[in-house]
1. Starting from the range 42-64, keep only residues that are in contact (Cβ under 8 Å) with a residue 40 or more places away in the chain and under 24 Å from H172 (Cα atoms), then list their pairs with residues that are open to solvent by 70 Å² or more (accessible area, probe 1.4 Å) and not charged (D, E, K, R) whose Cβ atoms are within a distance under 8 Å, requiring at least 6 positions of separation or different chains.
2. Contact list please: Cβ distance under 6 Å, first residue in the range 109-125 and assigned by TED's automatic domain parsing to the domain that holds R44, second residue acidic (D, E), pairs at least six apart or on different chains.
3. Which condition number in (1) in contact (Cβ under 8 Å) with a residue 40 or more places away in the chain; (2) within 16 Å of the ligand (Cβ to nearest atom); (3) charged (D, E, K, R) is the one that D244 fails?
4. Looking at (1) touching a Cys at 6+ places or on another chain (Cβ under 8 Å); (2) farther than 21 Å from A152 by Cα; (3) more than 16 Å from the ligand (Cβ to nearest atom), which is the one condition that is false for C361?
5. Hey, does the range 432-440 have a residue that's at pLDDT 95 or above and in contact with a Leu (Cβ under 8 Å, 6 or more places away or on another chain)?
6. May I ask you to verify whether H466 is more than 27 Å from the chain's Cα centre (by Cα), over 30 Å from V409 (Cβ atoms) and at pLDDT below 95?
7. Name the residues in the range 192-218 that are assigned to a strand (DSSP E or B) and open to solvent by 20 Å² or more (accessible area, probe 1.4 Å), would you?
8. When you go through A461, A447, A417 one by one, which is the residue that is within 16 Å of the ligand (Cβ to nearest atom) and either open to solvent by 50 Å² or more (accessible area, probe 1.4 Å) or without any contact (Cβ under 8 Å) to a residue 40 or more places away in the chain (or both)?
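The values are calculated or read from the model by the stated rules, or taken from the named source; none is laboratory data. Given the structure is predicted, the values throughout are model-derived calculations rather than measurements. Glycine also receives a Cβ, built like all others from the backbone with ideal geometry; neighbour counts cover every protein chain displayed. Surface accessibility is based on the protein's heavy atoms, side chains included, excluding ligands, DNA and RNA. Shrake-Rupley method; radii C 1.70, N 1.55, O 1.52, S 1.80 Å.
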Amino acid sequence: MYRIFSEHALRPVTSLNGLWNMRIDEADYPMLIPGVWERIPALRDYHGTADFTRTVEISESGAYLLRFGGVSHTATVYWDDVQVGWHYNAFTAFEVLLENVSAGSHTLRVTVDNRFTKESLLHVPNDYYTYGGLNRPVELHKLASARIERMAFSCVQTGEGAYAAKVDIYVHAVADSPALQAKMTVADGEAACDVPALSAGEKHMVTLTADVTGVKPWDIGQGNLYDLTATLLRGGEPVDDLIDRVGFRTIEIAGEEIRLNGRKIFIKGFNRHEDHGQFGSALSVDAMMDDIHLILGTGANSIRTCHYPNDPRFLDLCDALGVLVWEENHARAIDIHPEGFDDVCAIVNEEMVHQHMNHPCIWVWGILNECESETEFGREVYRKQLEQLRTLDPTRPVTFASCRFFTDVCMDLVDVASFNVYPLWYHNEHPAEYGKRLTEWMDTVGAANKPIIFSEFGAGAIAGYHDPFGRAKWSEERQCDILREQLEAFMGMARLSGTYIWQFADVRVADEWFSIRPKTMNNKGVVDQFRRPKMSYAVVKELYNHR
Ligand code: ADA
């Protein structure tokens, strides 16, 4: 399912995962969904379109909702050969409302396109791979005349184990709906209010607050979660429901400090792509869990979702295991000038925050990794998107990872200043000297009195390559040397509030990057694409466990 727990006790939800038929150029392939076509050897390098089709049996006529966790990268959805939906970008979910569906057999078809066209502004040839398929779960919901579209949870601490919980409940009238009651329970708190009569299609938001006591805070390694249940009732009879899992914690930026539950913390993280040598971008929950165990095994406490919103099931696991997450929108060093770029980013930003803001693991929102933050044009793009994030979610700090060394003009716009640095890999200045020089400059251009994070650093190693004559670059030994020098330097810098190693695992990259990426992969992982640890895994484990 879309989450690792059931979001509905009342609303009937059917999983549409499983065997679909995929057709490419008159050829038919059985495809297990979630899945990407690159898992079929003959289609490993296929860039194009494919039709994914399955039959859906409807037992009771009425209104239904299709929910796609992610389709890579463009989806056109047909119901009985009538187009009913469209979505761009593989890393956020989307819904399709089906009204007046008759009982019987229906055909669901999704035309998937992973080509790099001029319309594709975010998925471009890049240092990660754009797979093709239904990379996340698919669900069918049976709707009543009114539904809870989503909830937005936040909390303020009022005492030891005591919080004021606030929940915005977004109601959507699927058909004309008489007045209802909305009710919310979380921990030992509950609240209710009236919802006015709504005409079909109308939406209405109500806010409920409740004091909770005796809760265990969510913290690093303490994934204390509580079911948040919202219910719509008519005359005391439940009409619809929505269940989420929330955590009670506080994140605040106090000068140069990042504070979790009032305590200064140091972020020890990894960058992790949704990519696996066996699953492509459609990792199973088991594979996600194994990744988290491997990351926690080094003593790390955080994961950066480079460079796009992650699967909600992965975020659920980070919630449950107490792993801090830097989640960011979908962008990696891309052109921000094309017409429509602002609009497509605004959509991804809204989908990311609306869909993921209740995850306690997310401590910061990021945008536009290594984009044009050194020009006035770029500054306006960053300013607008950071402002959008703050409006969508005033409870979390915002940041972005820059690579505009000594030229960035956006450091004053963020709550946390972050840079991607690669001393001893892309240049030879010693990490301690480079880090000091860069942070001192950052403090003169807007980062002063803010936390600074080095959001990427690392080195490449071809898994299994051991230089017989020394410690050549791309040998595992050299990766150990470089990561050791970087980590010892950066973790010893009082000015830094955190480090994210680039990167957890080797990942596939676009074919166009072959000439600068051996094996057409980004080989800076401390484990290979099948999660086999390199020698550097032990170096990180030694150093991340020191602090
Ligand atoms: C950049 C970028 C990463 C990756 C890295 C590298 O910092 O943000 O996605 O490409 O460089 O491996 O060089």
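1. Pairs found: I58/S105; S61/N100; G62/N100; A63/N100.
2. Hits for this filter: R109/D51; T111/D51; P125/E512.
3. (2)
4. (2)
5. yes
6. no
7. Selection gives A192, C193, D194, K203, H204, M205, T207, T209, D211.
8. None of the other options fit; the residue is A417.
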